[in-house]
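Asker: Please find one structure pasted underneath; my questions will follow.
We did not get these values from a lab; they are worked out from the coordinates using the rules stated. Treat the numbers as computed from the prediction; the structure is a model and nothing was measured. All Cβ positions, glycine included, derive from the backbone under ideal geometry; neighbour counts span all protein chains shown.
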Amino acid sequence: MSLRSNALAAACAVVCTFAGSLTAVGAEFTYNEKTNADLAKKLSIPVYFAVPKSSWAPLAKSFNTSDKLVEFKHPDGIGAKGDVGLRLIVAKRSGLASRLGKSGLVQTGDILLTFRSEWGGAGAYPNIQMGISHTGFGYVDKNGTLRNLDNPLSGEYVGRGDLTSEHYRTLNFLHIIRPRNLTDTQKANLLGWATRLNAGASKIYPNQLSFNQDYNAPKYKPGSNLDFVKQFGQIALGQGHSGKPLDMYCSEFVFSLLSLRDCDPAKDAEAFKGSRVPACIKMPMQPMKATGNVLPTHGRSTYSGLADGPLLVIDQMDLPDDTRKPLLESIFAENPAGMSKMSVGHRAVAEEMQPRFERLKSYYVGMTGRLWQSWRARLIGTGFNWAGIAENYSPTSYLINTLLPENNNRRTMDYVATVVIN
């Protein structure tokens, strides 16, 4: 190599090093033992708050981001079948929405789940919820910035719509869930719907669209024609909505928005004026009963339940009975100190629900893989389904859907990553 070439190479090294300090080109999700140990302490979560790799979305090999990308393996899952862990995007809060949008790590149509690590081990309800307390919708605007859209459509949750509202400004962890196989056309449709809703938020909320605080009262009914999604679309299109406001909780709002992915708000507006539900409206996933039937067979046509999350994670770890049973039982242990870390509203629900989970505990522990015990547990689970629990789409349901087998016919979601905000 010539002296001139050496000089150019040296100059390039300086420039590239400086540029790399601003933005790391080609960052990849990698595993490092020391980093893993440090993050395990920071997260401080039970293993059933992590997910097996079978739930992970296929991603590009590298991303243009200055945020640190880490493949986290839960210490209690290392060596277990399923390699239970999380993909972590370790990021500074400042400029987060811009970096996430421009990196391609988050895409239009992604679901943003508020993840409360402090809920881990706090009692049956927070454990069954896998630490998830809220659902938001993500889309990338024309400037490449990630925008959030949430119900309530208020300053507390939406704000400027760039993860800087009070809700997003005060959280530290955020799961990203991606609907499978969204086409460019569907993403464009969702962008159109989300843009309309965000632009009209002050007129829409709370007079036309309000917040439903009862998560046990979904608008969906088995065999229904999704008329509530049509009403939701009419509101977004500015066609009005007669009667009282359409009330939805956060995860129902996202369910309804994703149900419009095949509807073009610019071309299909007339279809929403008719008496029928537009044919373009389609559910993003099947609403769930309290418990499913995916265990013990893991069949392609089986389904998961709202209360199945931790059980499905532990099932894929394939633990010996003497390790598995105490872990399952720990999910249902009362922990007043843990509950004290929850908000007043969530704590009240957790304390009210705690006594109701004894039957679910028998269902969990009975799913041992031994056929007669598993089918006895299945009967208990069926009884739990009959206990007045409606088919639903809780915030946790989107993550639970990713825990179905990869080739399952009802699997419509994948886990992308978890943002760790410093």
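Asker: For G123, what is the net charge nearby, where nearby means another residue's Cβ is under 10 Å from its Cβ and Lys, Arg count +1, Asp, Glu -1?
Answerer: Once positives and negatives cancel, what remains is -1.
Asker: Under 19 Å Cα to Cα from K203, which aspartates and glutamates show up? Leave out anything in the same chain fewer than 8 places away.
Answerer: Result set, ordered by chain and number: D150, E156, D247.
Asker: Do any trypsin sites (Lys or Arg not before Pro) in the range 225-267 lie in a loop, going by DSSP, with at most 12 other beta-carbon atoms within 10 Å of their beta carbon, and if so which?
Answerer: Passing both the DSSP loop test and the Cβ count: K267.
Asker: Classify the range 166-257 from the C-alpha gyration tensor, please: rounded if a/c falls under 1.5, else prolate or oblate depending on whether a/b exceeds b/c.
Answerer: It comes out rounded by the Cα gyration axes.
Asker: If you add up the charges near F29, with Lys and Arg at +1 and Asp and Glu at -1, over every other residue whose beta carbon is less than 10 angstrom from its beta carbon, what do you get?
Answerer: +1
Asker: What is the set of long-range amide H partners of N392 at a cut-off below 5 Å, with H atoms built 1.01 Å from backbone N?
Answerer: M288, K289
Asker: Peptides 178-185, 281-288, 108-115: what's the order by average Cβ count within 10 Å, highest mean first?
Answerer: Averaged packing, sorted descending, gives the order 108-115, 281-288, 178-185.
Asker: Output the relative contact order of the chain, whole-number percent, from Cα pairs under 8 angstrom with separation of 6+ residues.
Answerer: 22 percent
Asker: Starting from the amide H of D414, placed 1.01 Å from N in the peptide plane, find each other amide H under 5 Å away whose residue is 5 or more places distant or on another chain.
Answerer: Amide H neighbours of D414: R178, R180.
Asker: I need the shape label for the chain. Rule: rounded when a/c is under 1.5, else prolate if a/b > b/c, else oblate, with a, b, c from the alpha carbon gyration tensor.
Answerer: oblate
Asker: OK, next. Points 7 angstrom from Cα along the Cβ direction at N32 and S98: gap in nanometres?
Answerer: 2.6 nm
Asker: Setting aside same-chain residues fewer than 8 positions from K325, which aspartates and glutamates have a Cα under 18 Å from its Cα?
Answerer: D76, D308, D315, E334, E358
Asker: Helix hunt in the chain: which complete DSSP H runs extend at least 18 Å axially by C-alpha with mean Kyte-Doolittle at least 0.5?
Answerer: Result, helices passing both filters: 3-22.
Asker: Using the Cα gyration tensor of the range 58-105, with a ≥ b ≥ c the square roots of its eigenvalues, what is the shape: rounded (a/c below 1.5), prolate (a/b larger than b/c) or oblate (neither)?
Answerer: prolate
Asker: Separate question: Between S62 and D262, what length in nm is gained on full extension when 0.36 nm per residue of separation is reduced by their alpha carbon distance?
Answerer: So the chain would gain 69.0 nm between S62 and D262.
Asker: Enumerate the amide H contacts of H74 below 5 Å, restricted to partners 5 or more residues apart or on another chain; note that Pro and chain-start residues carry no placed amide H.
Answerer: Correct list: G85, L86.
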